[in-house]
Amino acid sequence: TDFIVVDSEQPSGVAIIMVDEKGENCISVASGANNALCPADVDRALEEIDASDVLLMQLETPIETIEHAAALGSEKGKTVILNPAPARELSDELLSKLDIITPNESEAEILTGIKVESPEDAKAASKALRGKGVGTVIITLGSEGAYVESGAFSGMVPVRKVDVVDTTAAGDTFNGALAVALASGKGIEDAVAFANAAASISVTRLGAQAS
């Protein structure tokens with residue numbers, strides 16, 4: 001809790017989540033204090049970044065803060081992972097600082113202009129992102145699993161079939177589990193398999209934080 005602060009001007013960010021009968025979700029976000037996170041806030045956590053193996057981020061905070069953190073992580077030799085959600089275009093400068101990026105199909109299309117509807121499409125989009133300097137690209141394909149393109153491994157990592165109740169937070173769960181697996185020394189293929197398993201468990205339960 002060392003880096004939890006109270007913003008005197010902005011309320012806490014909230015997300016209103018709607019889930020359909022197939023478990024798919026639509027999320028409306030009011031960013032609030034999330035949108036006030038600044039590079040100075042990152043600098044206050046420098047000792048924690050120094051002591052870490054992995055720096056994991058997503059895009060619900062200002063892009064200049066993400067860029068600052070990515071540059072710091074890259075400079076310090078940390079494994080920098082970006083979950084590019086909510087989807088938006090990203091600069092080549094930021095992409096070049098990322099060891100791993102983990103878009104889903106729609107996010108990959110926004111980043112590359114390539115419509116991702118199959119593993120072959122995912123391979124093409126992954127190669128485009130690696131061409132911009134990203135070390136490893138992992139495109140999550142829902143119930144099909146994840147496509148991985150890296151120097152060490154290229155191909156699909158399958159996922160177990162489960163009864164889907166609510167897909168909310170599956171991407172967050174995947175990314176958190178991926179970071180844990182990599183920090184514990186797993187190779188990329190095993191780390192993605194671990195992350196797939198965690199995400200599969202999460203979609204069998206209702207809610208975001210609870211699952």
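Taking residue 133, is it under 18 Å from the mean Cα position of the chain (by Cα), over 16 Å from residue 100 (Cβ atoms) and not polar (S, T, N, Q)?
no
For segment 75-111, name all the residues that are under 27 Å from residue 183 (Cα atoms) and in a helix (DSSP H, G or I).
75, 92, 93, 94, 95, 105, 107, 108, 111
Answer with yes or no whether residue 56 is buried (at least 20 other Cβ atoms within 10 Å of the Cβ) and touching a strand residue (DSSP E or B) at 6+ places or on another chain (Cβ under 6 Å).
Yes: the conditions hold for residue 56.
Conditions (1) modelled with pLDDT of 95 or more; (2) within 25 Å of residue 135 (Cβ to Cβ), marked per residue:
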site	(1), (2)
1	no, no
6	no, no
22	no, no
29	no, no
51	yes, yes
55	yes, yes
75	yes, yes
83	yes, yes
86	no, yes
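Residue by residue through segment 68-96, note down the ones that are among the hydrophobic types (A, V, I, L, M, F, W, C) and open to solvent by 20 Å² or more (accessible area, probe 1.4 Å).
71, 72, 85, 87, 90
Here is a list of conditions, (1) touching a residue at least 40 places away in the same chain (Cβ under 8 Å); (2) in a loop (DSSP other than H, G, I, E, B); (3) crowded, with 16+ Cβ neighbours inside 10 Å; (4) not charged (D, E, K, R), and residue 174 meets all of them except one; can you say which number that is?
(2)
Got a number for residues in segment 112-145 being under 22 Å from residue 78 (Cβ atoms), of a type in the set (A, V, I, L, M, F, W, C) and outside any loop (DSSP other than H, G, I, E, B)?
3
Look at residue 104 and say whether it is touching a strand residue (DSSP E or B) at 6+ places or on another chain (Cβ under 8 Å) and closer than 19 Å to residue 171 by Cβ.
Taking the combined requirement at face value, the residue satisfies it.
The values are calculated or read from the model by the stated rules, or taken from the named source; none is laboratory data. What you see is a predicted model; the values in this text were computed from it and never measured. Here Cβ is always computed from backbone atoms with ideal geometry, including for glycine, and neighbour counts include all displayed protein chains. Note: accessible area is taken over every heavy atom of the protein model, side chains too, but ligands, DNA and RNA are not part of it. Shrake-Rupley method; radii C 1.70, N 1.55, O 1.52, S 1.80 Å.
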